[in-house]
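Readers should treat all values here as calculations from the given coordinates under stated rules, not as data from a laboratory. Note that the structure is predicted; figures quoted are calculated from it, not measured. All Cβ positions, even for glycine, are placed from backbone atoms using ideal geometry, and neighbour counts span all protein chains on display.
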């Protein structure tokens, strides 16, 4: 069977007509994966909302309470770019819970995929760029606090720099942040990740994959993480409205395969999130299936799945609860 998948029906909430964030993609992605036979009922795990104690390992109480109560200023809401509603509040807490669940499932089974997540522009006290809470940052903090891991590697291949994640972990040696993104793209003011690879506009499959191939294996050997949190944003695609890079569908698939395979070859569990993407819904959803397609195939090749415990019992987490 394929890897565990994390999803909640409340991930897709109504937005005003013409809003450019493709909120319907989460439901359509699950439906497309079901049609492809890549999302069987026994693979689907439904998260609970993140408890406040998890969220507050990253985000200040004043911020998350103001968001939940509809008290953010006009400027703060404009920076986020999403109109606050009760369904959006619920969705935001659920998505953070979903990425924590995905991380836990990855540690148990070797590999797990969240059909949402990747809100890497959220900072401790403010949101930005369609990101309210930083789900990857919360997940990293939770599994570290619980003693499930000693070292986490964030691999962020969304076309936009993971600026919020970089800032959150700037002084945290147990989380190594790697962001490979468009140099001239949002955000205008970049943060310092532990490793940034900034690519010029128009970079295509060959140069992109070569840069990743020259970086990722050495990084895995140097950092020796107990868990990889992988943001598989599809906005580096050449047709993406906000991307400026030039990857093809095949290039994205080979990228996802490279990341997951490199980690599993070293017996390092991987939790994936889908990240950003901005295009017509049908094309966008198809691109978001690519990371699950790669994960499904590699789970079979590497023997991961619902019965896998060996990555934890005799891998880098040996002896840890």
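Worth a mention:
- For the chain, a Gaussian network of Cα nodes joined below 10 Å ranks 117, 18, 182 by mean-square fluctuation, and the top entry is 18.
- Potential lengthening between residue 1 and residue 48 on full extension [0.36 nm per residue; Cα-Cα distance subtracted]: 14.5 nm
- Taking label positions 7 Å along the Cα-Cβ direction at both residue 31 and residue 241, the computed distance is 2.0 nm, reported to one decimal.
- Separation in nanometres of the label points that stand 7 Å from Cα toward Cβ, at residue 283 and residue 79: 3.3
- Dividing the convex hull volume of the alpha-carbon atoms in region 86-231 by its residue count gives 119 Å³ per residue.
- FRET efficiency, residue 248 to residue 151 (Cβ-Cβ, R0 41 Å, nearest 0.05): 0.75
- Taking a ≥ b ≥ c as the square roots of the eigenvalues of the alpha-carbon gyration tensor, region 162-240 is classed oblate because a/c is 1.5 or more while a/b is no larger than b/c.
- DSSP beta bridge pairing in region 5-313, given as percent antiparallel to the nearest 5: 5
- Quotient of C-alpha Rg and 2.2 N^0.38 Å, computed over the chain: 0.90
- Taking packing as the residue-averaged number of other Cβ atoms within 10 angstrom, the listed peptides 146-157, 6-17, 99-110 run from highest to lowest as 99-110, 146-157, 6-17.
- Segments 62-75, 132-145 sorted - mean Cβ within 10 Å per residue, highest first: 132-145, 62-75
- The chain - mean residue ellipticity at 222 nm from DSSP helices (-39,500 (n - 2.57) per run, n ≥ 4, rounded to 500): -13000 deg cm²/dmol
- Once you reduce region 133-166 and region 50-67 to the center of their Cα atoms, the two points are 16 Å from each other.
- Nitroxide proxy distance, nm - points 7 Å out along Cα→Cβ at residue 215 and residue 200: 1.6
- Cα gyration tensor shape for region 266-307, rounded if a/c is under 1.5, else prolate or oblate: prolate
- Reported to the nearest whole Å, the Cα centre-to-centre distance from region 94-116 to region 222-249 is 18.
- Computed on region 15-109, with alpha-carbon pairs under 8 angstrom and 6+ residues apart, the relative contact order is 37 percent.
- The chain: most fluctuating residue of 35, 160, 45 per GNM, C-alpha cutoff 10 Å: 35
- Theoretical FRET efficiency, 1/(1+(r/R0)^6), r = Cβ-Cβ of residue 184 and residue 20, R0 22 Å, to 0.05: 0.70
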